[in-house]
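Notes for the one structure printed next.
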Amino acid sequence: MASSSASCTQKRFKYDVFLSFRGEDTRKSFVDHLYHALERKSIITYKDDEKIKKGKRISDELVRATEDSKFYIIVFSKNYASSSWCLDELVKIMECQKTKERTAYPVFYDVEPTEVRKQSGAVGEAFAKHKEEVVKKWRVALREAADLVGWELKNTFDGHEAKFIQNIVEEISLELGYNNSSIDGNLVGMRERIKVVVSSLETDIDDVRMIGIKGIGGGGKTTLARCVFDQISNDPSTHSRLWIGEEIEDILVEEKGTEETRCIKVRLANPTTIMKGLRNMKKLRFLYVTCSNDLNCDGYDSDTVYYNRHCRDYFYHDNDDISEDLQYLPHGLQYLCWTGYPYTCLSKYLQANNLVGLEMYCSNITQLWEEGETKVLQKLRFIDLCFCKLKTLDIGLFPCLERLNIVSCDNLVELHMPVENFKLKYLHLCSCKLRTLDLTHAQNLETLKVTKCKDLVELHFPLESLKLKNISLEWSKLKNLNLTRYQNLERLDLICGNLVELHMPDVNFKLKSLNICRSKLRIIDIGRAQHLENINIKNNLYLVELHLPIEKLKVFKLECCDMEALNLTHNRCLEKLHLVKCKNLLELHMPVESQELKTIYLYRSKLSNINLTRCQNLKKLDLVQCNALLELHMPINRSELETIYLRDSKLRTLNLTLTQNLKKIHLEECENLLEVDMPIESPELKAIYMYCSKLKTLRITRTQSLETLHLIECKELLELHMPIKSYVVRIIYMSCSRLKALNLMWTQNLEMLHLEECYELLELHLPIKCLKLKNIYIRCSKLRSLNLTGIRNLETLDLLQCEDMQELHMPIESPKLKTINISCSKLRTLYLGMCPSLECLDLHNCFTLEEVSAPVGCLSGRVRHPLQRIIVTGSYINKCNQVDFFRKSNCVPDEKRYDCVNKLGCRATNVEFVIVLV
């Protein structure tokens, strides 16, 4: 079956799909997966590394393969445009696709269509590598390809490649089924053989037929089967399912529909056209109508309640048109989904006896049937009416209804359920104007969600419902709620600002989650909920009494209540405890045994005593703004605690001796804290943050993993015993301590050292070699000398107001040093060493400074130097070995004497000024 042979209807191709891609970007990833997905669907695909035979010239082979392919998938990646091979291939594809038989589809893998169209961004960078004289035809091809309809990965299926590839394969498969319908004219006798097989299939009978074709190898069995498939699939009127846009439009407009069609999915263009096009589809079962391409009406989000109301009004029709337009709706419909339904009701001519599912999104429907019509739909099980104009609904007309979803029907004021509805399992009402809701006959209801029905004041539950599992009531005006009969509840969510009474079952065997927010309840008695695991009680400002279950409660969150005491003594399974803004809470009785408790978070309570002696497995402890806290009793046995955060407490002592697994300690604004007993050994401790305490001594000698140490405004700190081996310490930040000496000899990996207002610091011992230390800030200390000879990668040195500093030993070479500030020191000499990156040198108020020196050429005009500012105000520099660096002259004589350096010999620098005030 040669690809060049003439065919009766259209050209036959050797390949169904030709893949064009940049190998280094996608060959082993996206393209590989796409290729195999196409092959699995029996779609014959050309991919250069799979099809080119050895010894063939690739360019010739590609040209022939391009001409012999029906569809082209062009995978645009960041480096696609950098390959002249790919661009020549694209030019050829764009030439071929202009013929009627071929179609090209762009796939924008990791680039955007505008980048391809305009050769900008990553595509522009790749394209810039080519010479201008050969790119004109490539630019045209890229622009034309970018304008084609295709697929963009990041905007499809959230970027999930597997779903994205599946979508491409399905669409190509459908296109092939629609188009590959020719019978090759050179296949002698094929037409007669096709007729025999098709007649044997008896396609007019509603049944399944299977035929085997037997013959010798190479006798044309596969060719015959393919031709039979092509002939059958080429006639859309014989299809049971229609979802290809052009196919559907042609059938509806020309009224070519037949009884073969069972399923149709169409985008709304003209309601009258759709209705008339359905007149011959007597056996249609599934009708899905959605908005036209320029409107967004598909789907909704019941939480955010977002939709396009314009869609609802776009195709508005008067009731006068209903009978004429809707008379053609097939009576055998089982599922009807119409987004943007333009009519105000359903036609009285629609029997709908077989209707199982009805979905109307963004519709103009105000009542279900025309005035005076009342039809009972015995088979209707699912109703979804969202963002419509419905005013009333009688559920009694749907005896088998299982699921009712009414969202943002702003005009709905009545919902009738006059007789028992044994099948209703799911009811969701959102943003309706109902004032009362009577569910007394919904005996088998399993899920009830009533949200944002802000006018609802009465809710009548079924007299008894053993199947009711989930109740969610949010933003209503309900004041009383009686749930005593519903012992099988599994989840209860209540956000009712007017709720003053809640009656729970005495015994509830299945309740697992309880959420009560923004109510006016004063007492909550949950009863015996043996399986309750999660309780969230939030913003119940009047709550003074709470009775909790004791069996399996795991998560308890209490926020913004008026309770004074909380008893958790018997809650042994508790894992997480959150008490937030319980401002009057004075007593907290923790479980007698708390083997499962992992997290405690207390915020703004009046607790003065917290007992955690039985909480050995606690991992995280947060006590924030517990301003009255005087005593904290930590576990009496070895603890699993990893993080402790205390803020604004009145604790005087903290015993952490049994917390060997600590990873982080954060003690902030604990201004009365005098003593912290650290563990004998803390192998996991990585960070210590202490702010505003009265600690005098801190021993952390056994913290080999410590990386960060912050001791801020610990004004009483006299002794700090650093780890014996401090190899991983990276950051030390201290201020306002009374330390006299600090030994950092073993901190070889230190990156930042900040010592501020340590007024009594006399000695500082730095590592002999510290190659990672970049920033040193030591301000207002009593250090007399500082040895930095082993710190060659220093970038910033700030020794502001170290007024006793007499000796400073700089590294021989500091290639990264940019800023030096040694103002207000007592240095007499300063040897800078090699510092080619120096930008700012601050020497002001160094009254004793007489000599500044550096290696010859370090600061001279013979090397280009970035130095921009030299501040030497108040210094008596009498000697400098860089004659081109400082040049003296007397100027500005007045009542004060100025010795001013007004010109620098360093001609290649950007120095702004040098002033010497004497």
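Overall size of segment 606-698 from C-alpha positions, given as principal axis extents largest first: 29, 27, 17 Å.
Checking the table 512/581; 423/467; 195/221; 47/118; 433/477 against a 21 Å threshold on Cα-Cα, which pairs fail? Pairs exceeding 21 Å: 512/581; 47/118. Applied to segment 712-719, the Karplus parametrisation 6.51 cos²θ - 1.76 cosθ + 1.60 on θ = phi - 60° returns per-residue 3J(HN,Hα) values of 9, 6, 8, 6, 9, 5, 10, 10 Hz, with x for Gly and Pro.
Of the residues 647, 702, the one with the largest accessible area comes first in the ranking 702, 647, computed with a 1.4 Å probe on protein heavy atoms.
Among 149, 107, 500, 507, the order of accessible area from largest down is 149, 500, 507, 107, computed with a 1.4 Å probe on protein heavy atoms. Could you estimate the translational diffusion coefficient of segment 723-862 from the Stokes-Einstein equation, with Rh from the Kirkwood formula over C-alpha pairs, at 37 °C and 0.692 mPa s, in whole µm²/s? My calculation gives 216 µm²/s for D. Each label point was placed 7 Å from the Cα along the Cα-to-Cβ direction; for residue 422 and residue 444 their separation is 0.7 nm. Based on the reciprocal of the average 1/r between different C-alpha atoms, the Kirkwood radius for segment 395-440 equals 11.2 Å. Ordered from longest to shortest, the equivalent ellipsoid semi-axes for segment 317-419 are 18, 17, 13 Å, each the square root of 5 times a Cα gyration tensor eigenvalue. Per-residue extension of 0.36 nm, minus the Cα-Cα distance of residue 103 and residue 653, leaves a gain of 190.1 nm for this segment. In order along segment 212-226, the phi-based Karplus estimate (6.51 cos²θ - 1.76 cosθ + 1.60, θ = phi - 60°) of 3J(HN,Hα) comes to x, 10, 10, x, 6, x, x, x, x, 5, 5, 4, 4, 4, 5 Hz; Gly and Pro are listed as x. In sequence order, segment 593-606 has phi-based couplings of 10, 10, 5, 9, 5, 10, 9, 10, 10, 10, 9, 6, 10, 9 Hz under the Karplus curve 6.51 cos²θ - 1.76 cosθ + 1.60, θ = phi - 60°, and Gly or Pro positions carry x.
Using the Cβ of residue 467 as centre and a radius below 15 Å, the other residues enclosed give a net charge of +2, where K and R count +1 and D and E count -1. When a 1.4 Å probe is rolled over the protein heavy atoms, the share of accessible surface on segment 369-432 that falls to carbon and sulfur comes to 49 percent.
With a 1.4 Å probe and every protein chain kept in, tell me what percent of the accessible surface of segment 660-780 is carbon plus sulfur. Taking all protein chains in place, segment 660-780 shows 49 percent carbon and sulfur surface. Extending 7 Å from Cα along the Cβ direction at residue 173 and again at residue 611 yields two label points whose distance is 6.8 nm.
Ordered from highest to lowest accessible area with the whole protein assembly present and a 1.4 Å probe, 160, 754, 531 read as 160, 531, 754.
Straight-distance candidates among the lysines for linking to residue 619, with alpha-carbon spacing under 16 Å and chain neighbours fewer than 8 residues away dropped: 554, 576, 598, 663, 664, 686. Full extension of the chain between residue 414 and residue 472 gives 18.9 nm of extra length, using 0.36 nm per residue less the Cα-Cα distance. Computed extension length for residue 371-residue 816: 151.5 nm, one decimal, from 0.36 nm per residue of separation with the Cα-Cα distance subtracted.
The values are calculated or read from the model by the stated rules, or taken from the named source; none is laboratory data. Predicted model only: the values in this text are computed from it and were never measured. All Cβ positions, glycine included, derive from the backbone under ideal geometry; neighbour counts span all protein chains shown. Quick note on the areas: whole protein, heavy atoms, side chains included, nothing else; ligands and nucleic acids left out. Shrake-Rupley method; radii C 1.70, N 1.55, O 1.52, S 1.80 Å.
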